[in-house]
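A quick write-up on the structure given underneath.
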Amino acid sequence: MKCPFCGHSADKVVDSRESKEGEAIRRRRQCLKCGRRFTSYERIDRIDYRVVKKDGSRERFDREKLMNGLVKACEKRAVPLTRLEAIVDQVEHQLHDSSDKEVSATNIGEFVMSELKRLDQVAYVRFASVYREFKDANEFVDTIRALLDRHDPIE
């Protein structure tokens, strides 16, 4: 680390603290040549994961975008926010565990739908209707029929 005042490359760390958010370490340093103090921050270098969309375009994975879609699908449903966060966490863990820096939107969407199907069927249908872009009512009905065929009829 070079001193911002004299350019000397030797310094000593006087104090280290974790930042408020816990995402960085703040270090107070003192130049061994000029004696002046300066601050440096140490952060984890985040990997920029890309999502390959259905049309072939690529965009940065956005945790908030996925979370917003789940919240919208679960609107007015008795689904705890912590369960939705857990789904998004699982998607992120899959990205981190993957050797690729790119993942298809289809893989993410299918995983999320399988989790929602077990969590709340109405939320599943809402998410699927947006994700699968139903072209007509028949596709919508087919999705609901597949859900009903999976379970015993409600009496």
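FYI, it's all coordinate maths here, none of it is from the lab. From a predicted model like this one, the values you see are computed outputs, not experimental measurements. Please note: Cβ atoms are built from the backbone with ideal geometry, for glycine as well, and neighbour counts cover all protein chains shown.
From helices alone, the chain scores -14000 deg cm²/dmol at 222 nm; the rule is -39500 (n - 2.57) for each run of n ≥ 4 DSSP H residues, then divide by the residue total.
Considering only trypsin sites (Lys or Arg not before Pro) in DSSP loops that have at most 16 other Cβ atoms within 10 Å, the longest stretch of the chain without any of them is 102-131. Size estimate for the chain follows the Kirkwood approach: the inverse of mean 1/r over distinct Cα pairs works out to 19.5 Å.
Under the criterion of Cα pairs below 8 Å and six or more residues apart, the relative contact order for the chain equals 14 percent.
Think of it this way: in the chain, Cys74 stand alone, with no other Cys Cβ under 4.7 Å. Put simply, the Cα atoms of the range 62-114 extend 37, 19, 18 Å along their principal axes, the longest span coming first. Would you mind checking the pairs Lys65/Lys135; Lys76/Lys101; Lys12/Lys101 and listing those with alpha carbons more than 28 angstrom apart? Violating the 28 Å Cα-Cα cut-off are Lys76/Lys101; Lys12/Lys101. Helix 81-97 versus the longest principal axis of the chain: what angle, 0 to 90°, nearest 10, using Cα atoms? The answer is roughly 70 degrees.
As I understand it, the value is the acute angle between the Cα axis of helix 63-73 and the longest principal axis of the Cα atoms of the chain; what does it come to in degrees, rounded to 10? Computed tilt is about 30 degrees. Amide H to amide H, with H built 1.01 Å from N, Phe61 comes under 5 Å of Tyr49, Arg50, Val51, counting only residues 5 or more places away or on other chains.
Of the GluC sites (Glu not before Pro) found in the range 44-127, the ones in coil according to DSSP and having at most 14 other Cβ atoms within 10 Å of their Cβ are Glu75.
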